[in-house]
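Q: Sharing a structure, written as structure tokens. Questions coming.
Every number here is computed from the coordinates shown, using simple stated rules; none is lab data. None of the values given here were measured: they were computed from a predicted structure. No Cβ is skipped: glycine too gets one built from the backbone with ideal geometry, and neighbour counts run over all protein chains shown.
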Amino acid sequence: MTQAWPTVELGHVLSRSNEALAIVPSERYKEVTVRLWGKGAVLRGEVQGQEIAGGRRFCVRAGQFILSRIDARNGASGIVPGTLDGAVVSNDFPAYNVVPSRLFTPYLGWLSRTRQFVDLCRAASEGTTNRVRLQEERFLRMAIPLPPVPEQQRIVAKVEEVTAKIEEARALRQRVDGQCDALCRSILLADPGPPTPMRDIVTLRDEDTPVVATDTYHFAGVYCFGRGVFPGEQKSGPDFAYKSLTRLQAGDFVYPKLMAWEGALGIVPPECDGLYVSPEYPVFDVSTERVLPETLDVYFRSPSVWPQLAEISTGTNVRRRRLHPKNFLGYRMPLPSMETQQRLRAVKAKVDSLKALQAQTAAELDALLPSVLDKAFKGEL
């Protein structure tokens, strides 16, 4: 961290809060958790007092600094927002009052999101594998750069000005993505065509790859809410129980039985060609003489379609409903003319090119904030 400003031990600007509440079984309480990598303090959920083990819990207040003993070394720290004032936490989430005459709370909030601060928390943590914990006394002896409060306020104002522009750019990118998707869907809506059973335009493929214990397999997954097929993790044969898998080909249609009703369906993109899915993922060949892959991709990524898939999914538990291939093959989708489908393909190609550029921009935006914070706390902003 910068040597341009004096450094101050955290224990001189933070004081441990030990405010506690007696838990009343009949009352409801907000519980707090702290997300990794600077995502801050958030609501874990609301619970009835009788669900909380023990008779007392620590209470946090808006503006306090809070961190996770377990994951502070992974960036789990931040400022308690006003919406969580009075919420409860376990002993694993110590909270601290800020000395306002010396430390501007938002300054600490932004500082805690820097790589340097995370390194500081890592240095204050110790323990064996899976038992590493932040040591509070060591943490409070750690030093941070601390300019005068007016300078802290100036830095925060500058950081927030830049981050507002970053968020504005992100929001604009999301709006453009949404408008592109709406454009593609509008082409289908303009020429819906006759309701056609899926069995007439796709064919269920059999599992085609016996699992060999000594081999490694690169899996694919399907995001919910119409976000498509993506490359997943690699696993060796002993890491899973399936005896056979299906090898994907670009242009296949695939979905997970469990989450299809939440929009987890899509066409296999080129980057997932040759990857594998488990038997829980039905895979279909597409009869391209009748339906183009782009048509299926756009149609089944449309939010208006997902409730229809939920109706033909089965299961007693709402969160465990499955879309079985037999039911999917009986589903009827409005099949546009091939002329309309060809027009959709041309538009979607341009849309996908734009989205690829947008994704590159998004990665640049993600890298921009850490750079801004690094400069800010070196006194270069």
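Q: Summing +1 for each Lys or Arg and -1 for each Asp or Glu, what net charge is found among the other residues whose Cβ lies under 13 Å from the Cβ of PHE377? Numbers along the way, then the final one.
A: Working: positive: ARG113, ARG115, ARG154, LYS158, LYS375, LYS378; negative: ASP119, GLU151, ASP374, GLU380.
Counting the neighbours of PHE377, the net charge comes to +2.
Q: Cut-off 10 angstrom, C-alpha nodes, Gaussian network model of the chain. Which of GLY266, GLY127, GLY38 fluctuates the most?
A: Result: GLY127 has the largest fluctuation of those listed.
Q: Now, a different point. For the range 118-171, give the magnitude of the charge dipole about the Cα centre (Cβ charges: +1 Lys/Arg, -1 Asp/Glu; no others), in debye to the nearest 20.
A: Working: 9 positive and 9 negative charges, 40 e Å.
Around 200 debye, computed over the range 118-171.
Q: Relative to the Cα centre, what is the charge dipole magnitude of the range 137-266, using +1 at the beta carbon of each Lys and Arg, -1 at the beta carbon of each Asp and Glu, and rounding to the nearest 20 debye? Can you show the working numbers first?
A: Values: 16 positive and 18 negative charges, 64 e Å.
I would put it at about 300 debye.
Q: Based on alpha-carbon atoms only, what is the radius of gyration of the chain relative to the globular estimate 2.2 N^0.38 Å? Spell out each step's value before the answer.
A: Values: Rg = 26.3 Å, N = 381, 2.2 N^0.38 = 21.0 Å.
Dividing the Cα Rg of the chain by 2.2 N^0.38 Å gives 1.25.
Q: Pop a pseudo-label 7 angstrom from the Cα along the beta-carbon direction at both ARG131 and THR316 and give the gap in nm to one decimal.
A: For the pair ARG131/THR316, the computed spacing is 4.1 nm.
Q: Something else: Any idea which of VAL372, PHE253, ILE267 is furthest toward the positive side of the dipole for the chain, if Lys and Arg beta-carbons carry +1 and Asp and Glu beta-carbons -1?
A: Value computed over the given set: VAL372.
Q: Which of CYS59, LEU103, VAL24 sits farthest toward the positive end of the charge dipole of the range 7-146, with +1 on the Cβ of Lys and Arg and -1 on the Cβ of Asp and Glu?
A: Result: LEU103, furthest along the dipole toward the positive end.
Q: Could you sort 162-171, 195-204, 276-285 so that the peptide with the highest average Cβ count within 10 Å comes first and the rest follow in order?
A: Numbers: 162-171: 13.0, 195-204: 16.1, 276-285: 19.9.
Packing order, densest peptide first, comes out as 276-285, 195-204, 162-171.
Q: Please compute the length gained on full extension between MET142 and ARG154, using 0.36 nm multiplied by the number of residues separating them and subtracting their Cα-Cα distance. If you can, show how the numbers build up before the last one.
A: Working: separation 12, 0.36 × 12 = 4.32 nm, distance 2.40 nm.
Length difference between fully extended and current span is 1.9 nm.
Q: With a cap of 14 neighbouring Cβ atoms within 10 Å, and only residues DSSP puts in a loop, list the chymotrypsin sites (Phe, Trp or Tyr not before Pro) found in the range 1-94.
A: Working: sites: TYR29, TRP37, PHE58, PHE65; in loops: TRP37.
In loop regions of the range 1-94 (DSSP not H, G, I, E or B), the sparsely surrounded chymotrypsin sites (Phe, Trp or Tyr not before Pro) are TRP37.
Q: A follow-up question, please. Run the quick spin-label model on LEU172 and ALA359: label points 7 Å from Cα toward the beta carbon, then report their separation in nm to one decimal.
A: 2.2
Q: Run the quick spin-label model on ALA346 and ARG290: label points 7 Å from Cα toward the beta carbon, then report their separation in nm to one decimal.
A: Label at ALA346, label at ARG290, 2.6 nm between them.
Q: Then there is this: List the pairs from LYS165/LYS350; LYS257/LYS326; LYS39/LYS165; LYS165/LYS375; LYS235/LYS355 whose alpha-carbon separation is above 20 Å, in the order I gave them. Kindly include the intermediate steps, with their values, before the conclusion.
A: On the way: LYS165/LYS350 27 Å; LYS257/LYS326 11 Å; LYS39/LYS165 18 Å; LYS165/LYS375 17 Å; LYS235/LYS355 30 Å.
Exceeds cut-off: LYS165/LYS350; LYS235/LYS355.
Q: Quote to one decimal, in nm, the extra length available between PHE230 and ALA22 on full extension: 0.36 nm per residue of separation minus the C-alpha distance between them.
A: On the way: separation 208, 0.36 × 208 = 74.88 nm, distance 4.75 nm.
So the extension gain works out to 70.1 nm.
Q: Also, quick follow-up: Run the dipole for the chain about the Cα centre, Lys and Arg Cβ at +1, Asp and Glu Cβ at -1, nothing else charged, and hand back the magnitude in debye, nearest 20. Spell out each step's value before the answer.
A: Values: 48 positive and 44 negative charges, 150 e Å.
For the chain, the charge dipole is close to 720 debye.
Q: For THR203 and ALA241, what is the calculated FRET efficiency with R₀ set at 25 Å and r taken between the beta-carbons, to the nearest 0.05? Provide the component values of the computation, followed by the final result.
A: Working: r = 27 Å, r/R0 = 1.08.
The value I calculate is 0.40.
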